[in-house]
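Below: one structure, written as structure tokens.
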Amino acid sequence: MLLLIGGAPGIGKSAVAHQVAHELGLLRLVDLDVIRDLLRIQSREQDDPMMFRNALNAWELHGPISPATVVAGFQAHIRPLEGASSRLLDNYLRTSKSAIFHGVPLVPSHFARYRNLGAHLVLLAARNEEEYRARLSERGRLRAGRAPAKERLDAGWLLHQHLVADAAACGVPVISEETESQNVSALLKRISS
């Protein structure tokens, strides 16, 4: 079984993936952010400034913050990650290995083809803007010891909206429960049906 969990930064992909892996007894849990980290090791910021951005600040290389620059920056940021992610997923499918993949590069329209190959693909989302901003702020506090700046929260919300619309456009299920445990339950129910 292959499970692909996408969503905007800070939505809780990693936490849900870890809990689902525990519930299913899966040992293979692949965080696609590691691919970005490996690519960074092989590059220099002056040669590839986009590689040294993240989904919440890549827009800065495209102009003032707006829905268009946030999406353009995000797409430029994940472009090199998609090829590596696809090759890894293809290898898992070829060898019939079970795993859970999670990460921002799992954009619904780019990975929807994996549903036809038997993978489960879902997008985690918040139910509204306030909930998303609260989740992103909390994760920022846990990781960096402080809440993200307003511009990152704004960019995150714009990106969240883009990904939810993308999922709807290509028929990828969206799970948007209030708590992490409810998201895990909803995801396990979806997998078993």
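Read the figures in this text as sums done on the coordinates, not as results from a lab. Since we're looking at a predicted model, the values are computed, not measured. Positions of Cβ are backbone-derived with ideal geometry, glycine not excepted, and every protein chain shown enters the neighbour counts.
If a residue has to be surrounded by fewer than 13 Cβ atoms within 10 Å (Cβ to Cβ) and either within 19 Å of the chain's Cα centre (by Cα) or part of a helix (DSSP H, G or I) (or both) to count, how many in region 80-99 make the cut?
Residues meeting the conditions: 5.
Within region 24-37, restricting attention to residues that are within 12 Å of the chain's Cα centre (by Cα) and not in a strand (DSSP E or B), which residue is surrounded by the most Cβ atoms within 10 Å (Cβ to Cβ)?
Here the answer is Leu32.
Being free of Cβ contacts under 8 Å to residues at least 60 places away in the same chain and acidic (Asp, Glu) is the requirement here; does Glu178 meet it?
yes
How many residues are in a loop (DSSP other than H, G, I, E, B) and hydrophobic (A, V, I, L, M, F, W, C) if we restrict to region 1-23? So that I can check it myself, show each step before the final result.
Quick first cut of region 1-23, residues in a loop (DSSP other than H, G, I, E, B) only: 1, 8-12.
Cutting the leftovers down to hydrophobic (A, V, I, L, M, F, W, C) gives us 1, 8, 11.
Matching residues across region 1-23 total 3.
For region 100-124, which positions are within 23 Å of Ala15 (Cα to Cα) and assigned to a loop (DSSP other than H, G, I, E, B)?
Answer for region 100-124, where residues must be within 23 Å of Ala15 (Cα to Cα) and assigned to a loop (DSSP other than H, G, I, E, B): Gly103, Val104, Pro105, Leu106, Val107, Ala119.
Got at least one residue in region 38-49 being crowded, with 17+ Cβ neighbours inside 10 Å, more than 12 Å from the chain's Cα centre (by Cα) and of a type outside the set (Asp, Glu)?
At the first step, the residues of region 38-49 found to be crowded, with 17+ Cβ neighbours inside 10 Å are none.
Taking every residue of region 38-49 in turn, none turns out to be crowded, with 17+ Cβ neighbours inside 10 Å, more than 12 Å from the chain's Cα centre (by Cα) and of a type outside the set (Asp, Glu).
Sort out which residues of region 181-190 are surrounded by 14 or more Cβ atoms within 10 Å (Cβ to Cβ) and either of a type in the set (Ser, Thr, Tyr) or in contact (Cβ under 8 Å) with a residue 60 or more places away in the chain (or both), and write them in order of number. Can you show your working first?
Here is the first cut: in region 181-190, the ones surrounded by 14 or more Cβ atoms within 10 Å (Cβ to Cβ) are 183-188.
Within region 181-190, Asn183, Val184, Ser185, Leu187, Leu188 qualify.
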